[in-house]
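First the structure, in the form of structure tokens, and then the observations on it.
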Amino acid sequence: MATTTTDTSDAHPYLRAATAGIRHHIRALAPGAHSDRRHLDNLHEHLARLHLLLDQLTDAVRPEHPAAGRHLATAHLRLWQAATSVHDAFHMLPAAPDCTPHRLPDGPLVLTICQRHLASGHSIRRKTTPADHGAA
């Protein structure tokens, strides 16, 4: 995969840092390593934040550039579909044997990921129809 260079003086340093973090994680992940629920929860949170960012970008771009807005809206829907798959995979993995939900600062992972997923789903239901879900 070719890497692209971007202007380092742009106004999106946190987005670049997040991308670099994902790139580092991909390189650091050992071949044959397995994912656990914590890993999928973190990935789902990242997808949910990207989903929110795409939602805001779509709303900003669509009035002046409808064609670009439609493409971003499609990406918004597909990103939600990816988050749905990660959410489903999370529930297919067994809980860690030493998992003690009552001791977790943010509550049990299963509640955190489900609440986050419901919030993303609300955004999708506000802006799409069920027919859109099958078309993307």
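The values are calculated or read from the model by the stated rules, or taken from the named source; none is laboratory data. All values derive from a computational prediction rather than experimental measurement. In this analysis, Cβ positions are derived from the backbone assuming ideal geometry, glycine residues included, and neighbour counts consider all displayed protein chains. These accessible areas exclude ligands, DNA and RNA; they are computed on the full protein's heavy atoms, side chains included. Shrake-Rupley method; radii C 1.70, N 1.55, O 1.52, S 1.80 Å.
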Mind checking which residues of segment 44-61 are surrounded by fewer than 16 Cβ atoms within 10 Å (Cβ to Cβ) and charged (D, E, K, R)? Glu45, Arg49, Asp59
With the requirement that a residue be open to solvent by less than 70 Å² (accessible area, probe 1.4 Å) and either touching a Ser or Thr at 6+ places or on another chain (Cβ under 9 Å) or over 28 Å from Leu118 (Cα atoms) (or both), what does segment 21-43 give you? Ala28, Ala30, Ala33, Asp41
Is it true that some residue in segment 84-100 is modelled with pLDDT under 90, closer than 25 Å to Tyr14 by Cβ and assigned to a helix (DSSP H, G or I)? no
Just checking, how many residues over segment 62-83 are out of contact with any helix residue (DSSP H, G or I) (no Cβ under 7 Å at 6 or more places or on another chain) and not in a helix (DSSP H, G or I)? 3
